[in-house]
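Beneath this line is the structure, given in structure tokens, with notes to follow.
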Amino acid sequence: MTAAPSARPARRHPSRRPIEPTVLQALRSPRLLTREVLAGLVVALALIPEAIAFSIIAGVDPRYGLFSSFIMAVAIAFLGGRPAMITAATGAVALVIAPVVREHGIEYFIATVLLGGLIQIVLAVLGVAKLMRFIPRSVMVGFVNALAILIFTAQLPQLFGDGIPWLVYPIVVAGLAIMYSLPRMTKAVPAPLVAIVLLTAAVVLFAWNVPTVGDQGELPDSLPSLFIPDVPFTLETLQIIAPYALAMALVGLLESLMTAKLVDDITDTHSSKTREALGQGAANILSGAFGGMGGCAMIGQTMINVKASGARTRISTFLAGSFLLVLVLVLGDIVAIIPMAALVAVMIVVSVGTFDWHSIRPATLRRMPPSETAVMLITVVATVWTHNLAIGVILGVLAAMTMFARRVAHFTTVERRVDSGSDSDAAVADVAVAHYVVDGELFFASSNDLTTQFSYSDDPDRVVIDMSRSHVWDASTVAALDAIVAKYERLGKTVSIEGLNADAAAFHSRLTGRLDGAH
């Protein structure tokens, strides 16, 4: 007789991550495929006004931003390391390279995009993506909160600009009501898509005079073609475009890798940051080769795709780019009548959903060390003030490093004990011995004060420094130890350093030899 199978379901291992659906699984599942297709359509609709607006920021025709968004979204769907992430023309990249087109023309502008993509590939090969693990959680929270604020404030001109009709406000409110109420009834269709369709139909049916997508700029009517910039291949050209290309590469990679990490956290999955960096570089090269303005990961549209629409595979990213091209070339007249208020409502929902509200709850702030909260606030303020996520993240990381160094430096202590011939060594030598026990991590921040914690004149002729409870991390500590020994020797006293572990002893010997050689 065999035992009846247990009715209790198998327990899932707590450390096991959820498995993302693959493209093949999505193609075989009507439910998953429908979700990916509709998500791609929603993102494509949201990309159009953004791409046009970023083209205006960069000082180029709207078709440059639209073609760049199409090419980069399709390319990153195959080349990127983070499934479901949206890459297209962005404001951060537009701001960085805008001076090129104003001062040198469109040919140099495209050459800058091509060089920026090449630099990103080189940085990816050099392993720059691995630096992401050095970004603290407090900086990540600040990045997310600043992103939410920027997404929200970017909608304000559509709500409080000159000549905004009052009908915009009820349309936005209706869009918010649809997007917050529909998911409670069904999640079969993305709520943002339903809101856009219903509100567009209402605007057309009642002939409301409100700003539309068509008011943002003229949509292209032809496919992108190969574009080879007509610039001289000289050192002078490189000197013109290299600074902007490097800035574009760094800003684009930082935003893309931060967005990838954010999506990893939302979906509780892992992605290849090195592959993402390579994909971003290749996508920018393809964008420039077809007359695009270049870009990076779009955080707002990625949140629409992943959080609002529930997409998880590369299908949604590919279709976002494909739908974008079809919409502007084939259905341009229909897309042009979409009210901007509907898209504003979508982005407001995205900004509210993106903000980490848990991080500002009183209970959280009480539990969190003040330094962590300060780092988060520095990241938020710097990002919102400069409208540049890269600057905010860099300043946040520097603040986190400084506060960490200060906090760890205070953990180092020095204890002094004088034995007056009571132990065997002292008895043999018939002299008193001063014992110092150094406890803590020794590096540039903590070792600077190390030399001040010894009683040089008051100590007996023999001094023992016990390092068994400490660790030497850098040359500053070695120099501090050498300075302590030198001070005692000038007073005619003997010093011995004991208890260094093998790594610290080797490090000390190697650097001491170099310092002696330098002298």
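Among the residues of segment 341-369, just one is over 27 Å from GLN155 (Cβ atoms), outside any helix (DSSP H, G or I) and either in contact with a strand residue (DSSP E or B) (Cβ under 6 Å, 6 or more places away or on another chain) or among the hydrophobic types (A, V, I, L, M, F, W, C) (or both), namely MET368. Of the candidates LEU198, LEU156, LEU126, LEU150, the single residue that is open to solvent by 40 Å² or more (accessible area, probe 1.4 Å) and under 14 Å from MET347 (Cβ atoms) is LEU156.
The residues in segment 282-299 that are closer than 17 Å to LEU66 by Cβ, open to solvent by 10 Å² or more (accessible area, probe 1.4 Å) and part of a helix (DSSP H, G or I) can be counted, and the count is 2.
Look at GLY421 and say whether it is at pLDDT below 80 and among the small types (Gly, Ala, Ser). Here the answer is yes, as GLY421 does meet what is asked. Taking first residues from segment 413-428 that are within 28 Å of VAL472 (Cα to Cα) and partners that are modelled with pLDDT of 75 or more and open to solvent by 60 Å² or more (accessible area, probe 1.4 Å), the Cβ contacts under 6 Å between residues at least 6 apart in sequence or on separate chains come to VAL414/GLN453. The residues listed here are ARG184, ARG133; of these, the one that is without any contact (Cβ under 8 Å) to a residue 60 or more places away in the chain, within 25 Å of the chain's Cα centre (by Cα) and open to solvent by 60 Å² or more (accessible area, probe 1.4 Å) is ARG133.
Scanning segment 371-389 for residues that are assigned to a helix (DSSP H, G or I), under 30 Å from TYR169 (Cβ atoms) and in contact with an Asp or Glu (Cβ under 6 Å, 6 or more places away or on another chain) turns up at least one hit.
Among residues of segment 230-244 that are among the aromatic types (Phe, Trp, Tyr), those with a beta-carbon under 8 Å from a residue that is modelled with pLDDT of 95 or more at least six positions away or on a different chain give the pairs TYR244/THR112; TYR244/GLY116. Go through the residues of segment 235-242 one by one and say whether even a single one is of a type in the set (Val, Ile, Thr) and farther than 24 Å from PHE67 by Cβ. No: segment 235-242 contains no residue that is of a type in the set (Val, Ile, Thr) and farther than 24 Å from PHE67 by Cβ. When the residues of segment 196-255 are narrowed to those that are touching an Asp or Glu at 6+ places or on another chain (Cβ under 6 Å) and not aliphatic (A, V, I, L, M), which ends up farthest from LEU126 (Cα to Cα)? Ranking the qualifying residues of segment 196-255, first place goes to ASP230.
Could you please find all residues in segment 367-408 being hydroxyl-bearing (Ser, Thr, Tyr) and within 18 Å of ILE299 (Cβ to Cβ)? Across segment 367-408, the qualifying residues are THR379, THR383, THR386. Considering only residues in segment 215-238 that are among the small types (Gly, Ala, Ser) and open to solvent by 50 Å² or more (accessible area, probe 1.4 Å), the one that is modelled with the lowest pLDDT turns out to be SER222. Checked against the criterion of being modelled with pLDDT of 90 or more and either on the phi < 0 side of the Ramachandran plot or surrounded by 13 or more Cβ atoms within 10 Å (Cβ to Cβ) (or both), the candidates VAL438, VAL431 yield just one match: VAL438.
The single condition among (1) over 26 Å from THR186 (Cβ atoms); (2) surrounded by fewer than 22 Cβ atoms within 10 Å (Cβ to Cβ) that ALA277 does not meet is (2). In segment 321-334, the residues that are within 17 Å of VAL37 (Cα to Cα) form Cβ pairs under 8 Å with partners that are not hydrophobic (A, V, I, L, M, F, W, C), at six or more places apart or across chains, as follows: GLY321/SER69; SER322/GLY40; PHE323/GLY40; LEU324/SER69. Residues that are in a loop (DSSP other than H, G, I, E, B) and modelled with pLDDT under 90 were ranked within segment 188-210; the one that is nearest to ALA94 (Cα to Cα) is PRO190. Contact map, segment 339-368: residues that are under 23 Å from VAL194 (Cβ atoms) paired with residues that are modelled with pLDDT of 85 or more and in a strand (DSSP E or B), Cβ distance under 7 Å, separation 6+ or inter-chain. Pairs shown: PRO339/THR212; MET340/THR212.
The values are calculated or read from the model by the stated rules, or taken from the named source; none is laboratory data. Because the structure is a prediction, the values reported are computed rather than measured. Counting neighbours? That spans all protein chains shown, and the Cβs are built from the backbone with ideal geometry, glycine included. SASA here: full protein model, heavy atoms, side chains in, ligands and nucleic acids out. Shrake-Rupley method; radii C 1.70, N 1.55, O 1.52, S 1.80 Å.
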